[in-house]
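Engineer: Please read through the structure below; I'll follow up with questions.
The values are calculated or read from the model by the stated rules, or taken from the named source; none is laboratory data. Predicted, not measured: the structure shown is a model, and the values here were computed from it. Here Cβ is always computed from backbone atoms with ideal geometry, including for glycine, and neighbour counts include all displayed protein chains. Areas reflect the complete protein model, heavy atoms only, side chains present, ligands, DNA and RNA absent. Shrake-Rupley method; radii C 1.70, N 1.55, O 1.52, S 1.80 Å.
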Amino acid sequence: MPKGTTLDGSHLKSLLAWNLPDVSVLEAAAPAGEAAPDTPEALVDEAAEQAVRERFCHFDPDSEVGRVLFPLALDREVRRRAAGVQREAAAEDDAATRAAVEVPPPLASPEALLRDEPKLVSPPEVYQRISEVLRDPTSTVEDAAASIRHDPSLAAKLLRLVNSSFYSRTMRAVGGRFPAKVDSLSRAVMVVGGRQLATLALGVSVLPLFQDIPPHWVNMRVFWEHSVGCAVAAQAIALARGQDDAETAFVAGLLHDIGRIVVFKQASHHMAAAMRRAAAERQPLYALERETLGFDHAELGGGLLRKWQFPAHLEKMVRYHHNLDEPLFLEGPAVIHLADCLATAMGWGGSGNRHVPPLHPAAWEELGLSAEDLAALVPGMEARLAETMHSFFPDRAGPP
Ligand SMILES: [Fe+2]
Ligand SMILES: [Fe+2]
């Protein structure tokens, strides 16, 4: 929470939800304008404010949500700059300087693009097993664990996720007993629930297919930091709304921009043109993808998840996260849309666009949260992001 925040009921509710009995009060960096002019601190503040204003060029900092999100984003940017952490280059930073190439005509369809990626034709074998368990209403908790056990590296990743302090706090908050260490999948099933663990496993099992992001587009760690940031935000938003499918929201957040990886690889000239125009015309990147490609990365990602027969609800959350005009599919996509805005606003990684997408008013209204509710969730999300990144990248080098 930014310096000077007055705790109210929504903050306390969120502290209770995270089961935090006490918090440390840190001295925050002075907000822009308070430091004496021309001191190194004032220069850092000024540069940070400029960077965050640019990031919010499509998102009104004086709107209901902007009023709470902008100071949080600025506070994080000031802290990061004061600590000497340089933001890793986002792809769009280079797009404006990239030499102009002839813009190819729009592509026929998302399906045509997916056909050119042979390894995406079918997901890993373990995925098929878990997917069968999820589709079969008579399957048992042991079936879910058994299907995951076939892939030891997947099982290890899931156990690291489930052993995170997030689950232990959530369990304590609902009065459940959390085993000191979840060392077997059967116990993980007890903590998360069989179907939700299988959904988590589905999402994590396909991640190795997306390891080779061409580095000149976006650094892979930065891409996954954005994806995990969106995942933890989506999970926290779903929990704050009392939904019982928070793991589905987590997986949809994790995979929401995978369509962009396919575009980086299979339609790089189109993407270069879209990025160049997004930078020059200051328009949202997804809107320019639609003009240059004929569809955006969300539609492409949705197409891929449909091909793999992911649960339909999860596929729609990905497919419509930038298209909130379809009232039939508003609630799920709205969770991902808000989580994506939040992760981009806070500068958690990046997937190619450095501007916060404009918040869709109907999506915000659908979620029924207050701006203060949302702001109170951010510190917990930030802690969980660090922890989850560590469980995916234990050595800070390898892929998820
Ligand atoms: Fe997106
Ligand atoms: Fe995104």
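Engineer: Among the residues of the stretch 303-326, which ones are touching a residue at least 60 places away in the same chain (Cβ under 8 Å) and within 14 Å of ligand 2 (Cβ to nearest atom)?
Structural biologist: We begin by selecting, within the stretch 303-326, every residue touching a residue at least 60 places away in the same chain (Cβ under 8 Å); these are 303-304, 307-311, 313-314, 317-318, 321.
Passing the criteria: 317, 318, 321.
Engineer: Return the only residue of 298, 287, 312 being within 20 Å of the chain's Cα centre (by Cα), closer than 29 Å to residue 371 by Cβ and surrounded by fewer than 23 Cβ atoms within 10 Å (Cβ to Cβ). Show your work before the answer.
Structural biologist: Details: 298 fails: surrounded by fewer than 23 Cβ atoms within 10 Å (Cβ to Cβ); 312 fails: closer than 29 Å to residue 371 by Cβ.
Among 298, 287, 312, only 287 is within 20 Å of the chain's Cα centre (by Cα), closer than 29 Å to residue 371 by Cβ and surrounded by fewer than 23 Cβ atoms within 10 Å (Cβ to Cβ).
Engineer: For the stretch 315-333, which positions are under 14 Å from residue 249 (Cβ atoms) and buried (at least 24 other Cβ atoms within 10 Å of the Cβ)?
Structural biologist: 317, 318, 321, 332, 333
Engineer: Hey, can you tell me all the residues within the stretch 259-270 that are in contact (Cβ under 8 Å) with a residue 60 or more places away in the chain and surrounded by 24 or more Cβ atoms within 10 Å (Cβ to Cβ)? Spell out the reasoning first.
Structural biologist: So in the stretch 259-270, the residues in contact (Cβ under 8 Å) with a residue 60 or more places away in the chain come out as 259-260, 262-267, 269-270.
If the condition is that a residue be in contact (Cβ under 8 Å) with a residue 60 or more places away in the chain and surrounded by 24 or more Cβ atoms within 10 Å (Cβ to Cβ), then 259, 260, 263 are the ones that fit.
Engineer: For the stretch 218-246, how many residues are open to solvent by 20 Å² or more (accessible area, probe 1.4 Å) and away from ligand 1 (no atom under 16 Å from the Cβ)?
Structural biologist: Of the stretch 218-246, the ones open to solvent by 20 Å² or more (accessible area, probe 1.4 Å) are 219-221, 225, 239-245.
Next, only the ones that are away from ligand 1 (no atom under 16 Å from the Cβ) stay: 219-221, 239-245.
Summing the residues that are open to solvent by 20 Å² or more (accessible area, probe 1.4 Å) and away from ligand 1 (no atom under 16 Å from the Cβ) in the stretch 218-246 gives 10.
Residues checked against (1) more than 14 Å from ligand 1 (Cβ to nearest atom); (2) under 19 Å from residue 73 (Cβ atoms); (3) in contact with an Asp or Glu (Cβ under 8 Å, 6 or more places away or on another chain):
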{"site": "292", "(1), (2), (3)": "yes, no, no"}
{"site": "299", "(1), (2), (3)": "no, no, no"}
{"site": "331", "(1), (2), (3)": "yes, no, yes"}
{"site": "372", "(1), (2), (3)": "yes, yes, yes"}
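Engineer: Moving on to the next point. Checking residue 218 against (1) assigned to a helix (DSSP H, G or I); (2) in contact (Cβ under 8 Å) with a residue 60 or more places away in the chain, only one condition comes out false. Which one?
Structural biologist: (1)
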